[in-house]
1. For residue 178, put the label point 7 Å out on the Cα→Cβ axis and report which residues of segment 32-63 keep their amide N under 15 Å from it.
2. Counting other Cβ atoms within 10 Å, which trypsin sites (Lys or Arg not before Pro) in segment 71-107 have at most 16 and lie in a DSSP loop?
3. Can you spot the lysines whose alpha carbon is less than 26 Å from residue 92's alpha carbon? Ignore those fewer than 8 places along the same chain.
4. What nm value, rounded to one decimal, do you get for the distance between residue 48 and residue 141 when each label is placed 7 Å out toward the C-beta?
5. Taking only C-alpha pairs under 8 Å that are 6+ residues apart, what is the relative contact order of the chain in percent?
6. Just for the Cα atoms in the chain, what are the lengths along the principal axes, largest first, rounded to whole Å?
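Each value in this text was obtained by applying a stated rule to the coordinates, not by laboratory testing. No experiment lies behind these values; they were computed from the predicted model shown. Cβ atoms come from the backbone with ideal geometry, glycine included; neighbour counts cover every protein chain shown.
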Amino acid sequence: MEMQKYYKLQIVVNPIMKAYDIRQVTEVDLPLLGQLERSTFTETFQSVYGADDLQAFLEERKSDAAIRQEWSRADAAYYIIAVAGTAAGFLKINLFRQPDNGTLLPEPVMEVEKIYVQKAFQGKKLGKALMEYAYDIARENFVCTVWLGVWEHNLSARKFYEKEGYTVFGEHSFFVGSQRDRDLLMRKAL
């Protein structure tokens with residue numbers, strides 16, 4: 001009698017597979033991007049600004065028309081990060097844009113203008129994933145200096161950027177309604 005051989009099927013999960021997806025925003029995505037812009041900014045800063053200032057800012061800078069205008073700029077690009085098909089956050093970069101405070105950084109440069117993750121998705125390293133994605137874009141475009149602005153009192157964001165190797169090189173003003181804030185400008189060499 002011939003003995004049959006049985007083999008146990010082993011399923012191997014690819015360790016490179018990601019729990020998220022990052023894609024560039026298209027025109028079809030603009031309503032979703034607008035919702036993300038408004039919700040993440042409100043979640044992050046509603047305790048900082050008065051209701052009137054926050055509402056004025058959302059109407060002026062986070063309206064669908066304002067976001068469409070930013071999205072359509074030639075040097076700007078938006079990316080959405082999704083987890084299991086649900087939009088969790090976004091990234092906005094500006095290729096070859098120098099800081100607005102008069103500092104000239106070693107070129108070519110890239111600004112990481114916006115990087116936000118919804119509170120429900122924080123702690124899952126999605127901000128880090130978006131930052132790494134920005135670095136990939138920078139390298140593809142031979143960028144040697146990446147820079148960004150961060151509100152001086154946003155300590156968690158500042159700590160994140162410092163861990164990423166960013167250092168302060170200047171500052172500029174940022175207005176939310178009538179409230180004037182001081183943003184620290186930070187840079188990193190690639």
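1. Only 49-57 fall inside the zone, counting backbone N under 15 Å.
2. Numbers: sites: 73, 92, 97; in loops: 73, 97.
Passing both the DSSP loop test and the Cβ count: 73, 97.
3. Candidates past the 8-residue exclusion: 18, 62, 114, 119, 124, 125, 128, 159, 163, 188.
4. With each label placed 7 Å out from Cα toward Cβ, I get 2.5 nm.
5. Result for the chain is 18 percent.
6. Largest first, the chain extends 89, 38, 32 Å along its Cα principal axes.
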